[in-house]
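Here the structure is laid out as structure tokens; the discussion comes afterwards.
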Amino acid sequence: MLRQGYYIVSAGGAGIGLAICREIAAQGGTAVALDPFNAPAETGAGILHYPCDVSDSGQVEALVAELSSGPVPIEGLVNCAGIAGPTGLIDSISAEDWERVLGINVISAAILIKNVSSVMKKQRRGAIVSISSACTRNGFPQRAPYVVSKAALEMLSETMAMELGPWGIRSNVVVPGIVEGVRIEAVAQAQADTRGISFDEAIAEFTARTSLKAMVSGEDIAKSVRFLLSDEARHVSGQKLAVCGNFEGYSSEMVAPFARV
């Protein structure tokens, strides 16, 4: 079970974020889903929804001030907001592409941590979990901005574990592999389109690169996040928990069709 209190989840209205919100509510916490695009199908005592743009520091500051003004503590933060970014070789990616991916995947997490940790410091406790990606193990051809952003998020988390530890605040990362849902379907379709293969071939190629030969579910990720938010993990900080079926990595074969002789 979780401590009673607020657990802020960015991008909590759909996908992995919604699965995390549901797990938090089921384990006794109150999930605060921040999502300007999607509202959770179920809201009430266990799941609250705020259409907050986490890349807007003013909106984040106002939200945290509102939540912290009452008697309910902010016990946890889950940085789940992220975008896939463009699919293509480095020479096709614009500066604007880089700025957008890094802004949402890294800077928004830093904004949330800055504001939430100021409240957690007063409580002298709290847990932060950031959602990364198994692509940081080996890289991911045609996805440079995404890979770089997730690697940066991991180092942000590790640095926060060091900075915030003296106040009893823990910071960890969950590293998903190939997760079922619309995002991986979109990535697979983009890979299929750029490489001249079928959608099914792209999906099969992804799952073939895990030792368990299967995708991970949102619920698998949510249960791992719940563990890191709970007192069961009270001495776990600065760590990366891979929930990926032992993802073995991508390869340069994915770029072969673009090679110039």
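The residues TYR50, TYR7, TYR146, when put in order of fewest to most other Cβ atoms within 10 Å, stand as TYR50, TYR146, TYR7.
Between LEU89 and GLU180, the C-beta separation translates, for a Förster distance of 25 Å, into a calculated FRET efficiency of about 0.35. The smallest convex shape that holds all Cα atoms of the range 129-261, its convex hull, gives 105 Å³ per residue. The distance between label points at SER217 and ARG234 comes to 3.1 nm (points 7 Å beyond Cα on the Cα→Cβ vector). The ranking of HIS49, HIS235 from fewest to most other beta carbons within 10 Å of each one's beta carbon is HIS235, HIS49. If you plug the beta carbon distance of GLU66 and ASN138 into 1/(1 + (r/R0)^6) with R0 = 30 Å, you get a FRET efficiency near 0.10.
Give me the compactness ratio for the chain, meaning the Cα radius of gyration over 2.2 N^0.38 Å.
1.01
The Rg/Rh ratio for the range 1-62, using Cα coordinates for both the radius of gyration and the Kirkwood hydrodynamic radius, is 0.97. Cα centroid separation, the range 165-244 to the range 40-85: 22 Å.
For the chain, the relative contact order works out to 19 percent when only alpha carbon pairs closer than 8 Å and six or more residues apart are counted. Taking the square roots of 5 times each eigenvalue of the Cα gyration tensor of the range 78-177, largest first, gives ellipsoid semi-axes of 28, 13, 9 Å.
If you take all other residues with their beta carbon under 13 Å from the beta carbon of ILE74, and give Lys and Arg +1 and Asp and Glu -1, the sum is +3. Listed by chain and number, the aspartates and glutamates placed with their C-alpha closer than 12 angstrom to that of LYS122 are GLU75; residues fewer than eight positions away on the same chain are left out. Measuring r between the beta carbons of ARG124 and THR159 and using R0 = 25 Å, the FRET efficiency lands at 0.80.
Working from label points 7 Å from Cα in the Cα-to-Cβ sense, the ASP200 to ASP56 distance is 4.5 nm.
For the range 21-157, the Kirkwood estimate of hydrodynamic radius, built from reciprocal distances between every pair of different alpha carbons, is 16.1 Å.
Bear in mind that the values in this text are calculations on the coordinates, not laboratory data. Note that this is a predicted model, so its numbers are computed, not measured. Positions of Cβ are backbone-derived with ideal geometry, glycine not excepted, and every protein chain shown enters the neighbour counts.
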